[in-house]
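What follows is one structure encoded as structure tokens, with my remarks underneath.
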Protein chains: 2
Amino acid sequence: MGNTNQTGAKRGKARKLLLDAALDLIRAKGYAATSVDELCATAGVTKGAFFHHFPTKEALGVAAACHWSEVTGAMFAAAPYHARQDPLARVFGYLDLRRDLIAGAIPEFTCLIGTMAQETHVSSPAIAAACDRSISGHAQTLEADIAAAMAARGVAGFSAASLALHTQAVLQGAFILAKAKGGPEAALDSVNHLRRYFELLFKVDGKERNHDRE
Amino acid sequence: MGNTNQTGAKRGKARKLLLDAALDLIRAKGYAATSVDELCATAGVTKGAFFHHFPTKEALGVAAACHWSEVTGAMFAAAPYHARQDPLARVFGYLDLRRDLIAGAIPEFTCLIGTMAQETHVSSPAIAAACDRSISGHAQTLEADIAAAMAARGVAGFSAASLALHTQAVLQGAFILAKAKGGPEAALDSVNHLRRYFELLFKVDGKERNHDRE
DNA sequence: GCATGCATACCAACCAGTTGGTATGATATT
DNA sequence: AATATCATACCAACTGGTTGGTATGCATGC
């Protein structure tokens, strides 16, 4: 109402509406339990629109993983810790940001990728591969800083890539704990253990976190 | 053939057959994607038998989590590392066992609990609570050894419970990496990072792993 | 005027759960 | 020892509703 052309107003937006709905629904309920009908209802479009943009439900899953990468990637890229000079300070900035994100309601901080990868690694290799691309791509943005910090501080004995992936593993596992326990406390503890691991590896005391302002 | 009474031979076993089938199917495909019909077909029983033993599919999910705790709990309880004198050696024995379990095909080493908790934490609080009981109960068996090791070595600054749960988080996250990547390598790296964290916390060098025989 | 973007209407397969019934074994009664 | 009674364990067939997916029609913008 007030809008003389109800359909025309959102024409061309169905795809994005569906992907945004997919992010919310699949994160909360999982991929298999999220039906196409429900996705359409949440997005406010019809099934015709769905199958116009995605040939199958699986294709939406792949696109949702890609969409997730873009949305979260933009968020992390805009975070202020990137401006820090010391690469190790950037690494701790990342860890502190991840910790701060774990706070409110569980559906808001958990990860689409971990949820989908669990369900689909057998039934849909295409979605699992998209999840791998998303998580590995994100890990690589951290890997560069880790590699620079290792070189600067003379830390060796493992690869920067493996530590970046380990960081993702801890976060994914922390989300599972939060979901099973119905609250973020255990997840926070786990991220704090991860931070302590970095402090021990790079031989800094816990005070490194105090120059948070760029 | 050879068995004169075909039906009587497996009478009374339907419940266990269904739970064993649930462990395999849900681990591979997830809870939502595993249908009651498929469970019955895999178990070799009919739907009538299913709903005789479980009022709903959700009740089977809860029972499956409990069954998983019993099966895996017995396996860990029988592991030889429990005979070691030093509690810290038992902790490393646990970590090395977990690492060794991550080897062959992915469906064989991944965890039912993490898979179910992800999917059901919103749609089925009963299953999520059962997952919490399973994972927390398992963590407690490790927590005792961690607490003793912390006391013996004068390690402090965090709780034994949080470190035991962190260990579970790393393992769960490692399983997600393995599923997304279609292989165990990243999961192994992550467990190795976890082991290094324990070595740094308890100030032992990497050679602690060499007295593996009780 | 014609491709794009979407809506309506529909379908076969599948879903969790129900029904009415049977085979079996334990206990009670005679 | 034989029979009656009953609860348990299970089965085959079915139900209403939901699933992912399709066929077709129409409005919009280039």
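The values are calculated or read from the model by the stated rules, or taken from the named source; none is laboratory data. Since we're looking at a predicted model, the values are computed, not measured. All Cβ positions, even for glycine, are placed from backbone atoms using ideal geometry, and neighbour counts span all protein chains on display.
Go through region B:148-170 and give me each residue that's facing chain A (nearest Cβ under 8 Å), among the aliphatic types (A, V, I, L, M) and either out of contact with any Gly (no Cβ under 8 Å at 6 or more places or on another chain) or not in a helix (DSSP H, G or I) (or both).
Selection gives B:Leu163, B:Leu165.
A quick yes/no check of all residues on (1) of a type in the set (D, E, K, R); (2) surrounded by 12 or more Cβ atoms within 10 Å (Cβ to Cβ); (3) more than 12 Å from DNA strand D (Cβ to nearest atom):
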| site | (1), (2), (3) |
| --- | --- |
| A:Ala63 | no, yes, yes |
| A:Ser69 | no, yes, yes |
| A:Ala74 | no, no, yes |
| A:Ala77 | no, no, yes |
| A:His82 | no, yes, yes |
| A:Asp86 | yes, yes, yes |
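Per-residue answers, yes or no, for (1) at pLDDT 95 or above; (2) within 11 Å of another protein chain (Cβ to nearest Cβ):
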site	(1), (2)
A:Ala89	yes, no
A:Phe92	yes, no
A:Leu97	yes, no
A:Gly104	no, no
A:Thr110	no, yes
A:Ile113	yes, yes
A:Ser124	yes, yes
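Name the residue that is farthest from the other protein chains (Cβ to nearest Cβ), counting only residues in region B:8-44 that are more than 12 Å from DNA strand C (Cβ to nearest atom) and outside any helix (DSSP H, G or I).
Selected residue: B:Lys13.
Would you mind stating whether B:Thr120 is more than 7 Å from every other protein chain (Cβ to nearest Cβ), in contact with a Lys or Arg (Cβ under 8 Å, 6 or more places away or on another chain) and buried (at least 16 other Cβ atoms within 10 Å of the Cβ)?
In short, no.
Looking at region A:34-49 only, could you name the residues that are farther than 22 Å from A:Asp132 by Cβ and either more than 9 Å from DNA strand D (Cβ to nearest atom) or buried (at least 20 other Cβ atoms within 10 Å of the Cβ) (or both)?
Of everything in region A:34-49, those that are farther than 22 Å from A:Asp132 by Cβ and either more than 9 Å from DNA strand D (Cβ to nearest atom) or buried (at least 20 other Cβ atoms within 10 Å of the Cβ) (or both) turn out to be A:Leu39, A:Cys40, A:Ala41, A:Thr42, A:Ala43, A:Gly44, A:Val45, A:Ala49.
Could you check, for region A:188-202, whether at least one of its residues is more than 9 Å from every other protein chain (Cβ to nearest Cβ), of a type in the set (Lys, Arg) and either more than 21 Å from the chain's Cα centre (by Cα) or not in a helix (DSSP H, G or I) (or both)?
No, the conditions are met nowhere in region A:188-202.
Can you pull out every residue in region A:51-63 that is more than 8 Å from DNA strand C (Cβ to nearest atom) and of a type in the set (Phe, Trp, Tyr)? Spell out how you get there, then give the answer.
Here is the first cut: in region A:51-63, the residues more than 8 Å from DNA strand C (Cβ to nearest atom) are A:54-63.
Within region A:51-63, just A:Phe54 meets the criteria.
Would you say B:Asp145 is assigned to a helix (DSSP H, G or I), touching a residue at least 40 places away in the same chain (Cβ under 8 Å) and among the acidic types (Asp, Glu)?
yes
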